[in-house]
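Notes for the one structure printed next.
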Amino acid sequence: MHPDHTTPTAPTHTPPKGRGRLRSIAFTLALGAAMFAAGAVLLTPDGTTAPRPADHGRAAGAPRGSIEALQARVTRLPKDPGGWAALGMAYVQQARTTADPATYDRAEKALRTSLSVQSEDNTDAETAMGALAAARHDFPTALHWARRATAGDPYSSSAHGVLADACTQLGRYDEADEAVQRMVDLRPDAASLARASYAFELKGETARARALMRRSLAAAATPADTAFAHNVLASLDLQDADPRAALAETRTGLTAAPDDAALLETRARAHLALGDTTQAVADYRAAVAIAPLPHHLLGLAELEQSLGNGAQAEESYAVLRAQDRIREAAGDPADTDAILFEADHGNPRRAVAMAEQTLRARPFIAVHDAYAWALHRAGRDTEALAQADEALALGTRSALFRYHRAAIHHALGNPEAARRDLTEALREPGFHPLHADAARDLLQRIDTTP
């Protein structure tokens, strides 16, 4: 029997005894897809395919593992596949935090170079290619590279991490369970413990998710790892209706990583839950200035709209529309933020079409939720309810998912079911700048209707 991932054994790169399946991990998928779908979260090459000349070529003064150090390394050692793979993965990590699409191109160029130098048994480059595909939300391609990497090196923890991320987004939950368990068995480090935490979070088991994320925090090796863990812990605090704890957690994280956009966005949500809209707007703006990701822009815009700042809201909405035109021109499927934005602030029928395209390639719970909301806004509530049920089938605790389903239940003439979901949604104060007030209004109407 494999050990429970909550009590991992010491790190090892030797084959585990037995091949039993994970028993306690039964994760599901990612909320909002922003975490592990972002690619390469907390991952580093395992060093399994190429020698790593310790500091050869490191730029003077550049920290080990930094992009500057890795660039200097490949300049001096252009035939070093491990160096190119590490540089490519570093670019993927950088793109995750900066949202600069050009960085993805640099990542791919470095990784293609690594593969040209060593086309076979290059697990680091294959793993990084999978992480890059996940970051671009091309999950079938991510799955392809992850399978290739794990086939070449079954003992690569990072490769199993990419496999888990891809399987999650593709709705292959059992396979994701197996990959995470394997990852924890191989190396119970910050990356694997974070994924195990996420598995429980998706199942609505926030206490176990928090315990595992605390262990991931204790194992964090870099400021970025530390910031990530603090951000997840703060998000769990918000889910548990404890915005003051979330605020404290984000402040601690920002001490280690003051320019971490994800932490700033989560602190904005904590301020919003506490009624401090001035600080919430300030943090959202700071997050957007660092990384103009759609969910940062949408959060800021809807908060500005809720405050009556129409012109400021429209500025962010205009950026979102421009981003979506670029996405559409490239033929890429929409993310959930774009679908929800179109449903609420654009054409619901177009939002339905966007969701259907995305769902075909990414049958993830957050996509089911966005599809449900688009269908509801388009007046197709019977179909919407089926999608909303699918989004919540794993037991995920999401106030937004609950609100969406409540509105659908109400539209279908089922006030009791709507009341249950509204009550659950409103456990998280300020869960949405616009919908939280709408949820309270709807619940009051239900309760005062004879």
| Right, Ala393: part of a loop (DSSP other than H, G, I, E, B) and either of a type in the set (A, V, I, L, M) or touching a residue at least 40 places away in the same chain (Cβ under 8 Å) (or both) or not? | yes
| Which condition number does Ala311 fail, the rest of (1) surrounded by 18 or more Cβ atoms within 10 Å (Cβ to Cβ); (2) more than 18 Å from Arg210 (Cβ to Cβ); (3) of a type in the set (A, V, I, L, M, F, W, C) being met? | (1)
| said: Regarding segment 164-173, can at least one residue be identified that is under 21 Å from Pro333 (Cβ atoms) and either basic (Lys, Arg) or open to solvent by 40 Å² or more (accessible area, probe 1.4 Å) (or both)? | reply: yes
| query | Taking segment 217-237 on its own, how many of its residues are touching a residue at least 60 places away in the same chain (Cβ under 8 Å), buried (at least 24 other Cβ atoms within 10 Å of the Cβ) and not β-branched (Val, Ile, Thr)? | reply | 1
| Does Arg360 satisfy the criteria of being closer than 24 Å to Thr168 by Cβ, modelled with pLDDT under 95, open to solvent by 60 Å² or more (accessible area, probe 1.4 Å) and assigned to a helix (DSSP H, G or I)? | yes
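Would it be correct to say that Arg427 is basic (Lys, Arg), closer than 29 Å to Thr168 by Cα and in contact (Cβ under 8 Å) with a residue 24 or more places away in the chain? Full working, then the answer.
Working: basic (Lys, Arg): yes; closer than 29 Å to Thr168 by Cα: yes; in contact (Cβ under 8 Å) with a residue 24 or more places away in the chain: yes.
Yes; evaluated as a whole, the condition is true for this residue.
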| remark: Of the listed residues (Thr97, Thr127, Thr141), the one being β-branched (Val, Ile, Thr), assigned to a helix (DSSP H, G or I) and either modelled with pLDDT under 90 or at positive phi (or both) is Thr97
| task | Select the helices (runs of 4 or more DSSP H) contained entirely in segment 251-354, then report the ones holding at least 2 residues which are over 27 Å from Leu426 (Cβ atoms) and out of contact with any His (no Cβ under 9 Å at 6 or more places or on another chain). | result | 277-290, 310-330
| Taking segment 368-410 as the search range and keeping residues that are under 24 Å from Gln444 (Cα atoms), among the basic types (Lys, Arg) and modelled with pLDDT of 95 or more, which one is least open to solvent (accessible area, probe 1.4 Å)? | Arg405
| remark: Selection from segment 186-206 of residues within 22 Å of Thr123 (Cα to Cα) and open to solvent by 10 Å² or more (accessible area, probe 1.4 Å) yields Arg187, Pro188, Asp189
| Pick from Ala229, Ala224, Ala248, Ala241: which is part of a helix (DSSP H, G or I), more than 14 Å from Ala194 (Cα to Cα) and of a type in the set (Gly, Ala, Ser)? | Ala248
| Which residue out of Asp165, Asp121 is in contact (Cβ under 8 Å) with a residue 60 or more places away in the chain, not in a helix (DSSP H, G or I) and not polar (S, T, N, Q)? | Asp121
| request: State all residues of segment 151-162 that are assigned to a helix (DSSP H, G or I) and surrounded by fewer than 24 Cβ atoms within 10 Å (Cβ to Cβ); if no residue qualifies, say none. | output: Ala151, Gly152
| said: Of the residues Ala224, Ala220, Ala257, Ala261, only one is more than 27 Å from Ala436 (Cβ to Cβ) and under 17 Å from the mean Cα position of the chain (by Cα); which? | reply: Ala224
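Being hydroxyl-bearing (Ser, Thr, Tyr) and open to solvent by less than 40 Å² (accessible area, probe 1.4 Å) is the filter here, so list the residues in segment 248-267 that pass it. Even if it seems obvious, please write down each step before you answer.
First, the residues of segment 248-267 that are hydroxyl-bearing (Ser, Thr, Tyr): 250, 252, 255, 266.
The answer is Thr250, Thr266.
Open to solvent by less than 40 Å² (accessible area, probe 1.4 Å) and either of a type outside the set (Val, Ile, Thr) or at positive phi (or both), is that true of Gly413? Talk me through it step by step, then tell me what you get.
On the way: open to solvent by less than 40 Å² (accessible area, probe 1.4 Å): no; either of a type outside the set (Val, Ile, Thr) or at positive phi (or both): yes.
Against the criterion (open to solvent by less than 40 Å² (accessible area, probe 1.4 Å) and either of a type outside the set (Val, Ile, Thr) or at positive phi (or both)), Gly413 does not qualify.
Tell me, yes or no, whether segment 135-143 has at least one residue that is of a type in the set (Gly, Ala, Ser), under 23 Å from Ala196 (Cβ atoms), open to solvent by less than 10 Å² (accessible area, probe 1.4 Å) and under 21 Å from the mean Cα position of the chain (by Cα).
In the first step, residues of segment 135-143 are kept if they are of a type in the set (Gly, Ala, Ser); the result is 135, 142.
Narrowing the set further to residues that are under 23 Å from Ala196 (Cβ atoms) leaves 135, 142.
Then keep just the ones that are open to solvent by less than 10 Å² (accessible area, probe 1.4 Å); that gives 142.
Going one step further and asking which of them are under 21 Å from the mean Cα position of the chain (by Cα), we end up with 142.
The answer is yes; a qualifying residue exists.
The values are calculated or read from the model by the stated rules, or taken from the named source; none is laboratory data. On a predicted model such as this, the values are computed, not experimentally measured, just so you know. Glycine also receives a Cβ, built like all others from the backbone with ideal geometry; neighbour counts cover every protein chain displayed. For accessibility, only protein heavy atoms count, side chains too; no ligands or nucleic acids. Shrake-Rupley method; radii C 1.70, N 1.55, O 1.52, S 1.80 Å.
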